[in-house]
Amino acid sequence: MKTLRMANATLLPEVTRMIDAGHSVTLPLRGRSMRPFLEDGRDKALLVSFPRPPRVGDAVLAEISAGTYVLHRIVRIDGDAVTLRGDGNLSTEHCTTADLRALAVGFYRKGRTSPDMTSGLKWRLYSWLWMRLLPVRRYLLFALHPHIPNRIKK
């Protein structure tokens, strides 16, 4: 299989158009913001349009500024304002509910051919635990990935 890498600013608007047209999209993950469980270049996200209103804990594709997209977890919704944080991040990003482009309903991890669904017990338990570990996340991330320089910022 041949792999073609494209800039997010080119690829992700097309991905969102496909999702808006009713298609699901499997997107290879890039970046380290969803570590430790999702890895750059290894894992893929299964994205769909929102079948329901977004909720805290959802992993979403969001456009946080013109042409800048992230796949992060919703940590707070206050009216139309949404706060996002990658599992491997300590800082947050902000957008509105109108900037949420897709819901991640599953992740293909470690080369598997079937996804870990976000509705499954495994993902829900992981999500519940990881979101509550924020005060000690800095130390856990360092222990899990000490060879990655400058990945944890206040």
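The values are calculated or read from the model by the stated rules, or taken from the named source; none is laboratory data. Quantities reported herein were computed from a predicted structural model and do not represent experimental measurements. Cβ: placed from backbone, ideal geometry, glycine included. Neighbour counts: every protein chain shown. Protein only, heavy atoms only, side chains kept; ligands, DNA and RNA dropped before computing areas. Shrake-Rupley method; radii C 1.70, N 1.55, O 1.52, S 1.80 Å.
Okay, residues lined up against (1) touching a strand residue (DSSP E or B) at 6+ places or on another chain (Cβ under 8 Å); (2) at negative phi; (3) surrounded by 15 or more Cβ atoms within 10 Å (Cβ to Cβ):
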{"site": "Thr92", "(1), (2), (3)": "yes, yes, no"}
{"site": "Thr96", "(1), (2), (3)": "yes, yes, no"}
{"site": "Arg109", "(1), (2), (3)": "yes, yes, yes"}
{"site": "Leu125", "(1), (2), (3)": "no, yes, no"}
{"site": "Ala143", "(1), (2), (3)": "no, yes, no"}
Got at least one residue in the range 110-132 being acidic (Asp, Glu) and in contact (Cβ under 8 Å) with a residue 24 or more places away in the chain? no
Restricting to the range 40-53, and then to whatever is out of contact with any strand residue (DSSP E or B) (no Cβ under 6 Å at 6 or more places or on another chain) and either hydrophobic (A, V, I, L, M, F, W, C) or surrounded by fewer than 15 Cβ atoms within 10 Å (Cβ to Cβ) (or both), can you tell me which residue is nearest to Ile77 (Cα to Cα)? Pro53
Return yes when Arg138 is assigned to a strand (DSSP E or B), open to solvent by 40 Å² or more (accessible area, probe 1.4 Å) and touching a residue at least 12 places away in the same chain (Cβ under 8 Å) and no when it is not. no
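Condition check ((1) loosely packed, with under 15 Cβ neighbours inside 10 Å; (2) part of a loop (DSSP other than H, G, I, E, B)) across all residues:
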residue	(1), (2)
Thr10	yes, no
Val15	no, no
Arg30	yes, yes
Arg35	no, yes
Val56	yes, yes
Tyr69	no, no
Arg73	no, no
Arg101	no, no
Ala104	no, no
Looking at the structure I just gave you, is Gly86 at pLDDT below 95, surrounded by 11 or more Cβ atoms within 10 Å (Cβ to Cβ) and not hydroxyl-bearing (Ser, Thr, Tyr)? yes
Can you report the number of residues in the range 108-131 which are under 17 Å from the mean Cα position of the chain (by Cα) and either under 26 Å from Ala81 (Cβ atoms) or assigned to a helix (DSSP H, G or I) (or both)? 12
